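Below is one structure, written out as C-alpha cells, with a few remarks after it.
The values are calculated or read from the model by the stated rules, or taken from the named source; none is laboratory data. Every value quoted in this text rests on a predicted model; they were computed, and no experiment measured them. Note that we place each Cβ from the backbone using ideal geometry, even for glycine, and neighbour counts take in every protein chain shown.
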Amino acid sequence: MFMFHWPWLGLLIPLPFIVRYLFPPCRKASSLLVPEIYFPGLPRLKQAFSKAMPRSKLKDHLFFAILSLLWLFLVLAVMRPQLVDQFTEVQNEGYDLMLAVDISGSMKALDFSTRSKTISRLDVTKDVVGKFVHDRKGDRVGLILFGENAYLQVPLTLDTLSISQMLQNAVVGMAGDGTAIGDAIGLAVRNLRDRPEGSRVIILLTDGVDTASSIPPIEAAKLAKQYGIRIYTIGIGKKGLVPYPTEWGNIVMAEVPMDEQLLKEIASLTKGDYFRATDQQALEAIYTKINNLERTKANVRTYLIRKPLYPYPLAAAVVLLLILCVLPLVRRFSYGG
C-alpha cells in the first residue's frame, strides 16, 4: 500500500503558484526611479532583436515550469512516500503461564530409571514440561528455575521453543542445592500480577520440601491468591527409598522426602490442583484443568513493514536543479551563435 508519512506537507505544493500570482514579475521600471537615455538608433536595435524576444519569453516560462517541478519533487520527498505492507494484527487468545521448575540437588534422584536407562527427576521434569510447552500454541509462557535461589530464565513469551531450550540446558544444582519454593512463587507472582485477570497461572514442579525460601511458601501463595493467580503444583518423585547418586559416583538407596501436604495446601489456597508426576496422566490432568479456564486476549499489535521511496523524488529534484544550472550556459551559447 502506497502512503505518505507526512501527507499534510502537501499543502506546500501550490506555494510557487501563489507567490507568482501575488507578486507578478515587473516588466517596466518606473521612469521616476530609473533615468532614461535616448538612443537615436532605437528602431534599428529593436529590429535586430525582434526575433529573440519570443524566445526569451518562452525560456521564462520554461524556467518557471522547471522550477515548479523542482519544488514539487522536493515537497514529495519531504512528505516521505513509502510502500507499507498490509496491516497485520496479532491478537492472541490464551493463558499467561509461568513455569517454576525445581533444579535443586534432590532433583538428581534416579527413581525414574529403567533397566536400560538412567533417568533422574530432572530428566522426567524436562520431558513433562517439554511436552506441555509444545502444545501451548497461543499461550504466553515464562520459565523460572529455582534451587536455593529463584531466577527468571525466560519472561512471558509466545516463543515456546525458547522455553524448551532453556529448560533442556538446565543442570541440577546450578541454582544451589537448597529448595526455595516460596521465592519461586513470589517471583512468578511479580511477573504475572499485571497480566489480564482470568488466565494467570503458575505451574510449580518440585520434589517438594522448602529449605531455603526468604518468604514462606504459604505467604507467597496468599499473595498469588490476592492477585487472582492459580497455582498448580506437581510433585516429582516416588515415595520411599529411591536410588540416589553420591559425590563419589556410586548410587545408594536413600529417602528423598517430599512435602506433599505443603504442595496440596498451596494449590488449594489458590483454587488450583496438586498432581503427582509419576507418569503422563498427571500432564493430561493439567491440560484438562487449564483448558477449562477462561482465555483472555493479548494486546493487539500492528506490524508495518515500510519501504521508503523518498530517494526517487529527491533524485528527480537534483536532476532538475542541474538543468536549471545548465540553462544559462545554453542561453549564452545560443546568443553567441
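Hey, does segment 127-136 have a residue that's over 25 Å from Asn250 (Cα atoms), modelled with pLDDT under 90 and under 20 Å from the mean Cα position of the chain (by Cα)?
yes
Pairs needed: first member in segment 239-262, closer than 23 Å to Asp273 by Cα; second member anywhere, of a type in the set (Gly, Ala, Ser); C-beta distance under 6 Å; at least 6 residues apart or different chains.
So the pair list comes out as Val256/Ser106; Val256/Ala109; Met258/Gly208; Met258/Gly235; Met258/Gly237; Asp259/Gly208; Glu260/Gly235.
For segment 225-237, enumerate the residues that are at pLDDT below 90 and assigned to a helix (DSSP H, G or I).
None; the set is empty.
Any chance you could count how many residues in segment 135-155 are in contact with a helix residue (DSSP H, G or I) (Cβ under 7 Å, 6 or more places away or on another chain) and more than 26 Å from Asp177 (Cα to Cα)?
Residues flagged as in contact with a helix residue (DSSP H, G or I) (Cβ under 7 Å, 6 or more places away or on another chain) and more than 26 Å from Asp177 (Cα to Cα) within segment 135-155 amount to 1.
Restricting to segment 102-126, and then to whatever is of a type in the set (Gly, Ala, Ser) and not in a loop (DSSP other than H, G, I, E, B), can you tell me which residue is surrounded by the most Cβ atoms within 10 Å (Cβ to Cβ)? If you could, list the steps in order and put the result at the bottom.
Filtering segment 102-126 for residues of a type in the set (Gly, Ala, Ser) gives 104-106, 109, 113, 116, 120.
Those still in the list that are not in a loop (DSSP other than H, G, I, E, B) too: 105-106.
Values: Gly105: 18, Ser106: 28.
The selected residue is Ser106.
Can you tell me which residues in segment 239-253 are part of a strand (DSSP E or B) and aromatic (Phe, Trp, Tyr)?
Of everything in segment 239-253, just one residue is part of a strand (DSSP E or B) and aromatic (Phe, Trp, Tyr), namely Tyr244.
Would you be able to tell me the number of residues in segment 127-184 that are of a type outside the set (Gly, Ala, Ser), touching a residue at least 12 places away in the same chain (Cβ under 8 Å) and part of a helix (DSSP H, G or I)?
13
Conditions tested, residue by residue: (1) modelled with pLDDT of 85 or more; (2) under 22 Å from Val128 (Cα atoms); (3) touching a Pro at 6+ places or on another chain (Cβ under 8 Å).
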| residue | (1), (2), (3) |
| --- | --- |
| Leu152 | yes, yes, no |
| Met166 | yes, yes, no |
| Val172 | yes, yes, no |
| Gly186 | yes, no, no |
| Pro196 | no, no, no |
| Ser199 | no, yes, no |
| Leu204 | yes, yes, no |
| Pro216 | yes, no, no |
| Leu223 | yes, no, no |
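Could you say whether any residue in segment 203-221 is surrounded by fewer than 20 Cβ atoms within 10 Å (Cβ to Cβ), outside any loop (DSSP other than H, G, I, E, B) and in the same structural domain as Thr288 (by TED's automatic domain parsing)?
yes
Quick check: is even one residue across segment 243-254 out of contact with any His (no Cβ under 6 Å at 6 or more places or on another chain), in the same structural domain as Asn149 (by TED's automatic domain parsing), of a type outside the set (A, V, I, L, M) and buried (at least 18 other Cβ atoms within 10 Å of the Cβ)?
For segment 243-254, residues out of contact with any His (no Cβ under 6 Å at 6 or more places or on another chain), in the same structural domain as Asn149 (by TED's automatic domain parsing), of a type outside the set (A, V, I, L, M) and buried (at least 18 other Cβ atoms within 10 Å of the Cβ): present.
Give me a count of the residues in segment 69-98 that are touching a Lys or Arg at 6+ places or on another chain (Cβ under 9 Å) and modelled with pLDDT of 65 or more.
Number satisfying all stated conditions: 9.
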